[in-house]
Amino acid sequence: MSLKRIFICSLVLTLFIGKFMSAQKQKPNVLWVLTDDQRYDAIRAFNKMLHGREMSELGYVESPNVDKLTKMGTTFINTYCQASGCAPSRASMHYGRYPFRSGVYEFEYHNNLAPHMRPSLPEQMEALGYETLHIGKLGVRLKTKKNGRMQGAEMYKQDISFKQLRKDGLTDWGKDWFHSLDGQKLDKPIKSMEFFVTEEGQFLYRSKDYEARFPDKKGEAKSIMEKYDLFMEYNKKKGPMTPFSPGILAGVSSRKAGKTRDGYYSSIFGDFLKNEDKEFKAGSRTFDGVATDKPFFCHIGFDFPHTPVLPPADYRERFQKHKYKVPAFDKKELQSMPKQFQKQVKSSYSDHFTKEEKQKMIQDYYAFCAYGDALIGQAVDDFVAYSESKKQPWMIVYVCGDHGWKLNDHGSVSKFTPWEVDSHNPIVVVSSDKKAFPAGKVVEEYAEFVDIAPTIMAAGGASLDDEKYDYLDGFNMAEIASGKVDGRDYVVGENHAVTGPRAFIRTKDFMFSIQSRPDKKRGVNMEWARTAEYKDLDPCLYQTSKDPHELHNLAFNKKYQKEVEILKKKLIDVVLGDGRIEVGWGKKADGTTVYKSDFAPGAHDHKLKMK
């Protein structure tokens, strides 16, 4: 063979190898799907993995699209949220940090200029070369200071939020401040008025202020209540629900499937993928379609099954054919329940609802979940089809709820506690890289919401061993699945909403929880729990291996004092003493004053010796 031919062959081989190596290093498109207030038992596959049955203990559920994801990818079945409230939970996912490390415990704003702050997940993905897009609910209340004033800080390059979509009528339900109506400016705004959008695009309003100021509209709220068969939460002592009662726990959507707020999230995502390298409209706004020269990271924050629970009529009709077992509540449970838990239960008490009301509440909740499952399937199919048509690698992260939801469990609705029903939220990761996330694999090791950010960042090319990522509290879930990460003995979290400051630690046999602070005054008495009387910690201990529904509080049972001492010390050391952050934010504070507590550095080693 001549030297010329050898040279040409060598050149061709080099180009081929280069092209092959480039393909190998290609970054995956990433779709992160998050639902809102979704119990894990709404998913058949999760019920099968955890309990050996497809249906919820309460009754019929359907989830063919998420079930399909579990077959395509890896399920982290024992995943727990870090806080059972929307804002702190979503902050833990976006920052990859526990509440006690980010300083986000409730629904407070947080300033990205505070010294302990680090870039969020979408900001890190953008730095890795990604186009970033958010659609729907975000729930992370990030602010920054510009030109001497505080204002919202953008996390995603493009944010197609519900706030404007609802104003454009791309929804079935919404809630907003109205400064004008029918083109007429109001002397003073109507605050937080609910509205329903009909199939014809007509807005119907539900507000006491609205009816008081416009006498000709009197009775509209009652008409809406009857038209959409609304069932709202109510306090028995204050009498039955009224047309103005808050918290819609059941009802029917004013629009057909696909034309609800969640329906538009899925269809808008499809429009984003269809409009390659060009603009597209979503309501009154214009956005950039998918860029073909970069990988993209998209987060869809679905609102279902958060209140108002309004499944489309066809889904509702199907689920009304099923009768559900309502969780029973014995009022004796209240006597041993921690006072902070009692506060949550009493604030959202549901056991006084009639049998019919409880049935309707449960039927519509699971119908709403089934409808949402179809929308997830639509988004996933569009995403995979696009990525594969471009011969691009891809990854899907599905998170079942930012926390759970009670359906008369413990006599209540809502969330805000570390009980299993409020905090157990499995994650499914599906990838074109089957070595990283094998199809059909079920991981029983603990995972936490703080794992989401490092998992997505690692897939996007971040070297997590780099010092700049030291702030991350979680693990790459691919390494949890492969066994490269030594398993956790426990999971921890903290939440301040509704109950007041409350921390928990969960092991395979126990859930232990205490009041973590005497009050919500940031930076004051941060180590209070170390010296407080045990009874003042308002403790609870549930032996979950024998009491899975967490009904019997053993915190003061002398037989369990050894377990209590071990769990109490670990929880206090980790949550209050290993890099705790609290942030001052008030009338005179701008969210940059940071208080620290670090009396037990290194305590959070994920290991716990119970004997």
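The rows are residues; the columns are (1) more than 30 Å from Met150 (Cα to Cα); (2) crowded, with 20+ Cβ neighbours inside 10 Å.
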residue	(1), (2)
Ala532	yes, no
Leu551	yes, no
Leu554	yes, yes
Thr593	no, no
Which of the residues that make up the range 503-523 are among the small types (Gly, Ala, Ser) and either assigned to a loop (DSSP other than H, G, I, E, B) or surrounded by fewer than 24 Cβ atoms within 10 Å (Cβ to Cβ) (or both)? Ser516, Gly523
Only one of Phe178, Phe196 that is in a strand (DSSP E or B), of a type in the set (Phe, Trp, Tyr) and free of Cβ contacts under 8 Å to residues at least 40 places away in the same chain: Phe178
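The rows are residues; the columns are (1) at pLDDT 95 or above; (2) of a type in the set (Gly, Ala, Ser).
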position: Lys19; (1), (2): no, no
position: Gln26; (1), (2): no, no
position: Asn29; (1), (2): yes, no
position: Trp32; (1), (2): yes, no
position: Thr35; (1), (2): yes, no
position: Arg39; (1), (2): yes, no
position: Ala45; (1), (2): yes, yes
position: Thr74; (1), (2): yes, no
position: Leu113; (1), (2): no, no
Can you pull out the residues in the range 566-595 that are of a type in the set (D, E, K, R) and either assigned to a loop (DSSP other than H, G, I, E, B) or in contact (Cβ under 8 Å) with a residue 60 or more places away in the chain (or both)? Lys570, Asp578, Arg580, Glu582, Lys587, Lys588, Asp590
Does Asp373 fit the bill of being of a type in the set (D, E, K, R), touching a helix residue (DSSP H, G or I) at 6+ places or on another chain (Cβ under 6 Å), outside any loop (DSSP other than H, G, I, E, B) and within 25 Å of Lys321 (Cβ to Cβ)? yes
Residue set Asp262, Asp303; condition in a loop (DSSP other than H, G, I, E, B), buried (at least 17 other Cβ atoms within 10 Å of the Cβ) and in contact with a helix residue (DSSP H, G or I) (Cβ under 6 Å, 6 or more places away or on another chain); output residue Asp303
If only one of Asp538, Asp598, Asp519, Asp590 is more than 25 Å from Lys143 (Cβ to Cβ), under 28 Å from the mean Cα position of the chain (by Cα) and acidic (Asp, Glu), which one is it? Asp538
Just name the residue that is farthest from the chain's Cα centre (by Cα) out of those in the range 564-583 that are closer than 17 Å to Leu608 by Cα and charged (D, E, K, R). Glu565
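A quick yes/no check of all residues on (1) closer than 20 Å to Lys281 by Cβ; (2) touching a Gly at 6+ places or on another chain (Cβ under 8 Å); (3) surrounded by 15 or more Cβ atoms within 10 Å (Cβ to Cβ):
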{"site": "Phe162", "(1), (2), (3)": "yes, yes, yes"}
{"site": "Leu165", "(1), (2), (3)": "yes, yes, yes"}
{"site": "Trp177", "(1), (2), (3)": "no, no, no"}
{"site": "Lys185", "(1), (2), (3)": "no, no, no"}
{"site": "Phe195", "(1), (2), (3)": "no, yes, yes"}
Just need a number here: residues in the range 440-486 that are in a loop (DSSP other than H, G, I, E, B), farther than 19 Å from Ser89 by Cα, without any contact (Cβ under 8 Å) to a residue 60 or more places away in the chain and not polar (S, T, N, Q). 7
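The values are calculated or read from the model by the stated rules, or taken from the named source; none is laboratory data. Computed from a prediction, not measured in an experiment: that's the story for all the values here. Glycine gets a Cβ as well: all are built from the backbone with ideal geometry, and neighbour counts include every protein chain shown.
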